[in-house]
There are 2 protein chains.
Amino acid sequence: MNLKTLAEQLGLSQTTVSRALNGYPEVSEATRLRVEQAAEQFGYRPNSRAKGLATGRAMMIGHVIPTSNKHEMVNPVFGDFVAGASEAYAKFGYDMMFARVRDGNTEQAYRELLAKRAVDGVVLQGPLINDSRIALLNKMGLPFVVHGRSTGVSAPYSWVDVNNKRAFQRATEFLIDLGHRRIALLNGLETMDFAQRRRDGYVTAMEDRGVPVDPALMRAQEMTEVFGHQETMAMLAMDHPPTAILTSSMITAIGVRRAIEESGLKMGRDISVITHDDDLSYLKNGRDVPIFTALRSSVRNAGEIAAAMLAELIDSPDQPPMNRMLEAELVVGSSTAPAPRD
Amino acid sequence: MNLKTLAEQLGLSQTTVSRALNGYPEVSEATRLRVEQAAEQFGYRPNSRAKGLATGRAMMIGHVIPTSNKHEMVNPVFGDFVAGASEAYAKFGYDMMFARVRDGNTEQAYRELLAKRAVDGVVLQGPLINDSRIALLNKMGLPFVVHGRSTGVSAPYSWVDVNNKRAFQRATEFLIDLGHRRIALLNGLETMDFAQRRRDGYVTAMEDRGVPVDPALMRAQEMTEVFGHQETMAMLAMDHPPTAILTSSMITAIGVRRAIEESGLKMGRDISVITHDDDLSYLKNGRDVPIFTALRSSVRNAGEIAAAMLAELIDSPDQPPMNRMLEAELVVGSSTAPAPRD
DNA sequence: CTCATTATTCAAAGCGCTTTGAGTCAGACT
DNA sequence: AGTCTGACTCAAAGCGCTTTGAATAATGAG
């Protein structure tokens with residue numbers, strides 16, 4: 001069933017039917033009603049490609065996923081972000097597509113998306129330090145929102161980010177206030193902008209309080225469970241093991257806990273742990289009492305905000321870039337305690 | 001840059017340029033080369049909507065995500081499956097889109113996807129028992145592949161599934177062979193087809209070996225960490241607590257381990273645990289030595305297979321449905337041991 | 001009763017591509 | 001020289017929609 005046959009059924013022109021369906025004023029109420037009922041009855045939906053061709057709008061948002069980093073798409077944080085975003089897209093009538101891209105040349109992918117007119121805008125996830133994609137997107141004039149920011153990029157752009165520096169600074173101060181001085185940082189890959197900022201917050205707090213920063217206590221890698229376990233085991237075997245561990249993700253924290261318990265120690269007594277918690281829906285930080293003391297910030301919520309921002313940006317492209325800084329909440333769980341005396 | 005201006009630049013007709021670019025034989029090699037170079041130089045990509053309109057192919061695969069079940073999209077298993085699928089789609093030239101759908105009426109979503117001609121095919125994830133969507137898709141004639149199967153649906157359809165029954169049967173037998181008789185099952189929601197099959201495998205093994213099935217040891221819910229923790233705590237407080245726990249996901253297993261350790265017991269000595277392991281890339285089951293004894297089957301791999309199957313189905317729609325049964329591998333880790341004497 | 005005005009409706013053009021059916025042209029064959 | 005091929009190329013139609021500009025019908029004013 002297409003517009004033409006529907007119009008024939010109704011004995012109306014395509015013009016009138018189209019207008020009736022799209023809410024234009026120059027159609028009589030009676031006709032509109034008749035058209036709407038017929039459309040309903042025949043299950044008519046405009047062909048999205050034809051509509052897109054005629055209007056120049058794809059009603060589609062793109063997400064480009066580099067294949068190089070095998071983990072990116074698979075990353076549970078990614079999943080929650082996308083879940084939030086897609087829910088918001090739906091509200092604005094957009095669909096969401098993923099373009100998977102072979103190794104590194106994501107820039108090419110954005111170019112193609114634009115050249116093919118496949119999307120009305122894109123969301124850039126996981127920005128690196130000095131991420132060249134931002135300048136590219138700006139140049140191309142394709143509306144976009146970044147989840148996170150990119151240190152080193154000076155041109156303005158729209159972003160939604162959590163205040164990673166302040167969050168990790170606070171957590172570090174919290175630990176220092178509890179008497180800890182040997183505080184380890186299990187960070188995400190430090191080519192990622194967010195990891196850099198977290199490190200920055202950690203270092204700033206340490207220096208502000210005059211606690212020496214020991215590079216041996218700082219590790220950065222993909223945030224897996226195994227990473228948390230492995231580095232914790234290694235550090236617990238040191239001459240001066242840390243008394244507290246700050247980690248960048250719940251998953252890593254779970255590995256940390258496993259290592260602590262495997263070593264016959266007790267988390268929240270012998271060793272304190274604070275983790276960043278993206279408030280993933282399937283991996284909650286306990287029920288009533290949080291398991292881990294954590295910096296909580298819902299990544300799903302960030303996804304919703306980013307999506308709404310992008311929709312707005314697409315509607316009025318000439319407006320200046322929009323920014324939104326989210327603050328992480330420090331929730332105190334049972335994984336932190338005063339530093340043990342020695 | 002569109003076809004028309006590109007053709008003008010070259011002094012050729014649109015027809016010739018189009019044919020040259022699409023590899024038709026009736027274009028001289030010299031011309032083809034010239035056209036390709038120009039296309040490259042100007043960064044020309046055919047407008048996907050126009051192309052789709054002309055060819056009747058969307059070059060897009062749809063995934064419909066019900067909003068009702070908040071966890072579905074967010075589910076890490078979902079993420080890995082989709083990562084595998086999208087990689088395969090890319091190989092076949094397809095893009096992937098998600099349609100988020102308000103509560104329950106996913107059927108409407110499929111209808112719309114078809115009416116709008118937005119996709120060439122869909123992948124159905126997380127089939128329920130007696131899932132009505134399968135009959136609908138069959139009736140609509142939209143090519144589709146199911147990840148999993150649906151008990152109660154008799155009409156043939158294409159699917160990729162892991163042999164859940166056999167896997168859980170084997171795991172249960174393995175535990176029985178170790179002397180366990182009080183074996184708990186922490187299953188996923190039993191409206192899900194896979195959960196039903198797993199339960200079936202478990203019960204079959206128990207009955208075959210003459211071990212009484214205790215309903216108090218069978219729990220089914222969304223597979224979160226908290227669920228694993230909570231139910232394990234509850235069961236450990238029973239008069240006759242289980243000596244072994246069989247669980248449906250790594251995440252739940254992690255909660256189980258937490259509960260075991262919190263209770264002062266040791267996993268793999270006091271209590272044995274076997275989990276299903278979807279081989280998620282960010283949540284590996286240990287490095288060299290598996291943490292958990294597990295039934296391993298890569299869901300990412302399943303995604304790749306489903307995608308390839310669907311591509312094939314779209315190419316030749318008249319072929320009979322395709323099926324692919326995957327077997328889970330039983331890897332023995334350090335979470336299982338002979339049942340303790342009492 | 002005429003003419004301007006407003007309210008509806010319509011035919012046709014255009015979005016950018018593919019594909020059909022029809023040339024054109026050189027060379028091969030009678 | 002005339003015809004037939006085969007190799008290329010092209011103009012134009014069509015995919016299903018929106019939108020422009022025009023036509024028609026209904027209404028009200030003079």
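Structure notes:
- Interface residues, region A:243-259 - accessible area loss of 10 Å² or more versus chain alone, probe 1.4 Å: A:I251, A:I254, A:R257, A:R258
- Cα-based equivalent ellipsoid, the protein assembly as shown: semi-axes from gyration tensor eigenvalues, Å: 47, 33, 22
- Sequence of B:V17, B:V153 from largest to smallest accessible area, 1.4 Å probe: B:V153, B:V17
- Taken over region B:64-220, the alpha-carbon convex hull comes to 126 cubic angstrom per residue.
- Heavy-atom accessible surface that A and B bury in contact, both chains counted, 1.4 Å, Å² to 100: 4800 Å²
- Checking every one of the trypsin sites (Lys or Arg not before Pro) in region A:146-255 against DSSP loop status and a limit of 15 other Cβ atoms within 10 Å picks out A:R209.
- Pseudo-label separations to other copies for B:N2 - Cα-to-Cβ vector, 7 Å, nm: 1.8
- Taking amide H atoms as placed 1.01 Å from N in the peptide plane, the amide H of B:R296 lies under 5 Å from those of B:D277, B:E329, B:L330, B:V331, each 5 or more residues away in sequence or on another chain.
- Between B:V331, B:V145, B:V123, the residue with the greatest mean-square fluctuation in the GNM of chain B (Cα pairs under 10 Å linked by springs) is B:V331.
- Around the Cα centre of the protein assembly as shown, unit charges on the Cβ atoms of Lys, Arg, Asp and Glu (plus for the first two, minus for the last two) sum to a dipole of about 1060 debye.
- Taking every Cα-Cα distance in chain A and sorting them into 10 Å bins starting at zero, the pair-distance distribution P(r) comes out as 5, 22, 26, 19, 13, 8, 5, 2, 0, 0 percent.
- Carbon/sulfur fraction of accessible area - the protein assembly as shown, other protein chains in place, 1.4 Å, %: 49 percent
- Copy-to-copy label distances for B:D318, where each label lies 7 Å from Cα along Cα-to-Cβ, are 5.6 nm in order of increasing length.
- Plainly put, the tip 7 Å out from Cα toward Cβ on A:V211 is 4.8 nm from that tip on each other copy, the closest given first.
- Threshold 20 Å², region A:99-133 residues less accessible with all protein chains present than alone (1.4 Å probe): A:R100, A:E112, A:A115, A:K116, A:R117
- Mean ellipticity per residue at 222 nm, deg cm²/dmol - from DSSP H runs of n ≥ 4 across the protein assembly as shown, formula -39500 (n - 2.57): -13500 deg cm²/dmol
- Spatially proximal lysines relative to A:K51 (Cα-Cα < 23 Å; intrachain offsets below 8 disregarded): A:K4, A:K91, A:K116, B:K4, B:K51, B:K116
- Pair-distance profile P(r), taking every C-alpha pair of region A:164-298, with 10 angstrom steps and integer %: 13, 48, 35, 4
- Here the dipole of chain B is about 600 debye; that uses its Cα centre as origin and unit charges on the Cβ of Lys and Arg (positive) and Asp and Glu (negative).
- Remark on region A:53-146: ratio of C-alpha radius of gyration to 2.2 N^0.38 Å is 1.05.
- Sparse-neighbour loop sites [GluC sites (Glu not before Pro); region A:238-342; at most 16 other C-beta within 10 Å; DSSP]: A:E327
- The alpha-carbon positions of region B:3-46 define a convex hull whose volume is 59 Å³ per residue.
- DSSP-defined antiparallel bridges as percent of all bridges, chain A, nearest 5: 10 percent
- Close amide-amide hydrogen proximity is noted between B:M218 and B:L185, each under 5 Å apart and 5 or more residues distant or on a separate chain (H modeled in the peptide plane; Pro and chain starts excluded).
- Close amide H partners of A:L189, meaning residues 5 or more places away or on another chain with modelled amide H under 5 Å apart, are A:Q221, A:E222, A:M223.
- Here's the picture: charge each Lys and Arg Cβ at +1 and each Asp and Glu Cβ at -1 in the protein assembly as shown, and of B:L21, A:A90, B:L313 the one pushed furthest to the positive end of that dipole is B:L21.
- On a per residue basis, chain A carries 42 Å² of accessible surface, using protein heavy atoms and a 1.4 Å probe.
- Model label sites at A:V289 and A:S28, defined 7 Å from Cα along the beta-carbon direction, differ in position by 7.3 nm.
- Computed over region A:164-216, relative contact order equals 50 percent, with contacts defined as Cα pairs under 8 Å that lie 6+ residues apart.
- Centre-to-centre, using Cα atoms only, region B:269-342 and region A:260-313 are separated by 27 Å.
The values are calculated or read from the model by the stated rules, or taken from the named source; none is laboratory data. Here the structure is a predicted model, which is why all the values come from computation and not from measurement. Note that each Cβ is placed from the backbone with ideal geometry, even for glycine, and that neighbours are counted across all protein chains shown. With ligands, DNA and RNA removed, areas are computed over all heavy atoms of the protein, side chains included. Shrake-Rupley method; radii C 1.70, N 1.55, O 1.52, S 1.80 Å.
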